[in-house]
Amino acid sequence: MQIQEITDQLQAITDFQSQALYQLTQQQRLVALQFESVSVAEQSKLQQRLRQLDAIISQNDAGYNGLLTIPALRLLAQHWSSWFPAQKAVEQALKQILAAHDLDWQVAGKRFKLRDTSIIYGIMNITPDSFYDGGRYTTMDAVLAHVSEMLEAGADVIEVNGQTTRPGYTEVTPDVEMERTIPYIKAIASHFPEAVLAIDTYKVPVMAAAIDAGVAIINDVDGFTDEPAKLKLMAQSDVGLLTMLNGRHFDFKVMTEEEHQFFEDNLAALTSAGIARDRIAIDQGLGYANDQVQNDDQDYVIMNNIDRFNDLNRPMMVAVSRKGYLANLLGLKKDERLPMTLVSEVAMIQKGGKIIRVHDVKETRQMVTLLDRISQGYWLA
């Protein structure tokens, strides 16, 4: 038996059905496989195993085609040697195909493997005016206690913030922002040396100071390309980049296409500056519409269209935690928004979201654990 992936071959076929199928594979992260030279003795067994994995199967003169999810492909590779012990070469080919669909995020000192799960990105606001918990953590003891709580609950990243960018925010100077963040970053790194730390900032001096203090990730609401100094600093460092589309700077006409083009151009600019693509994750910027947008309309587009960005093969952030759309649509107060936050996150994770930026780590970890288990729901009797 022989096997090859034929997903990308669909892109070159110009008929409507092939183009539609190719777009579906990109959006839903599906894999099209072709099995050739299948012996008569292997045919029924191969069909049964593919059906158990809920694959779409078709037979042709050369053999069989199968369309599978990535979790199903992982199980196929995992069990192949016990199902077809005489087909070791196919097992190796399956493992290579699976590896080609890895989705990694390389940050300083850590490589997140995100093909099969999502990570929890805990928010540590040290600001008086952040929309949800501004002014709540004002002392070193309070910050360290909250960080400890988030790590114990399962946070993969702790992001320190010293400048809110909520709608109508008041900008602070780099010096003020550094006073609010750098001592805490150093203290967190000292008390929790295994923690992966991030900072949310759009200011070059703060970025530089945070890198020196030990952060592994820089989150920039302006996408890093607004100042040449940012590109130079990022290229000289090894931190991970979380690059955001700031919708306050855009007047979208065809929103999804224009957002996609932004990220194509943004990724090209970052990689051209010498930044490895696997260091970059993307954020569509939910909550960052310009003042002319009413009723959170663009936020719902972002929630609904996240699968249209899977073809970029970069991890995508889900940043909906307790945000104002839940007040505007459902009348929920800040402390009442967790259940609907989780619903929003589930919807976006199922479309491809991988970095879940949250205030509530424990509940989000439970949710991700459950979703990961559901994605493995295949009966292989």
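The values are calculated or read from the model by the stated rules, or taken from the named source; none is laboratory data. Source: prediction; values computed, not measured. Don't worry about glycine lacking a Cβ; one is built from the backbone with ideal geometry, like all the others, and counts go over all protein chains shown. Only protein heavy atoms, including side chains, enter the accessible area calculation; ligands, DNA and RNA are left aside. Shrake-Rupley method; radii C 1.70, N 1.55, O 1.52, S 1.80 Å.
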*When segment 13-30 is examined, which residues are found to be under 18 Å from L76 (Cβ atoms) and open to solvent by less than 70 Å² (accessible area, probe 1.4 Å)?*
T25, R29, L30
*Filter segment 38-76 for residues that are crowded, with 19+ Cβ neighbours inside 10 Å, without any contact (Cβ under 8 Å) to a residue 40 or more places away in the chain and under 29 Å from the mean Cα position of the chain (by Cα) and give the result.*
L50, A55, G66, L68, L76
*State which residue is nearest to the chain's Cα centre (by Cα) when the search covers only segment 190-209 and only residues that are part of a helix (DSSP H, G or I) and crowded, with 16+ Cβ neighbours inside 10 Å.*
M207
_Filter segment 324-372 down to the residues that are in contact with a Lys or Arg (Cβ under 8 Å, 6 or more places away or on another chain) and closer than 19 Å to M303 by Cα and list them by number._
L326, A327, R337, L338, T341, G352, H359
_What's the total number of residues in segment 260-291 that are open to solvent by 30 Å² or more (accessible area, probe 1.4 Å) and among the aromatic types (F, W, Y)?_
1
*Kindly indicate whether L33 is more than 12 Å from I3 (Cβ to Cβ), part of a strand (DSSP E or B) and open to solvent by less than 30 Å² (accessible area, probe 1.4 Å).*
no
*Restricting the search to segment 351-370, which residues are under 15 Å from the mean Cα position of the chain (by Cα) and either in a loop (DSSP other than H, G, I, E, B) or of a type in the set (A, V, I, L, M, F, W, C) (or both)?*
K351, G352, I355, I356, V358, V368
*Select, from E257, E336, the only residue that is under 24 Å from Y121 (Cα atoms), open to solvent by 10 Å² or more (accessible area, probe 1.4 Å) and free of Cβ contacts under 8 Å to residues at least 40 places away in the same chain.*
E336
_Checking M244 against (1) open to solvent by less than 40 Å² (accessible area, probe 1.4 Å); (2) closer than 28 Å to D291 by Cβ; (3) in contact with a helix residue (DSSP H, G or I) (Cβ under 6 Å, 6 or more places away or on another chain), only one condition comes out false. Which one?_
(3)
*Can you tell me which residues in segment 303-333 are out of contact with any helix residue (DSSP H, G or I) (no Cβ under 8 Å at 6 or more places or on another chain) and open to solvent by less than 30 Å² (accessible area, probe 1.4 Å)?*
P315, M317, A319
*For R115, indicate whether it is crowded, with 16+ Cβ neighbours inside 10 Å, modelled with pLDDT of 95 or more, among the basic types (K, R) and at negative phi.*
yes
_Against the condition over 15 Å from the mean Cα position of the chain (by Cα), assigned by the TED database to the domain that holds D116, closer than 20 Å to A155 by Cβ and part of a helix (DSSP H, G or I), how does M348 come out, does it pass?_
no
*For T138, are the conditions met, namely being open to solvent by 50 Å² or more (accessible area, probe 1.4 Å), over 30 Å from Q294 (Cβ atoms), outside any helix (DSSP H, G or I) and out of contact with any Leu (no Cβ under 6 Å at 6 or more places or on another chain)?*
yes
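Okay, residues lined up against (1) open to solvent by less than 20 Å² (accessible area, probe 1.4 Å); (2) more than 24 Å from the chain's Cα centre (by Cα):
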| residue | (1), (2) |
| --- | --- |
| V176 | no, yes |
| G214 | no, no |
| I218 | yes, no |
| T225 | no, no |
| V239 | yes, no |
*asked:* Quick check on segment 152-185: of everything there that is part of a helix (DSSP H, G or I) and touching a residue at least 60 places away in the same chain (Cβ under 8 Å), which residue is farthest from T364 (Cα to Cα)?
replied: Y184
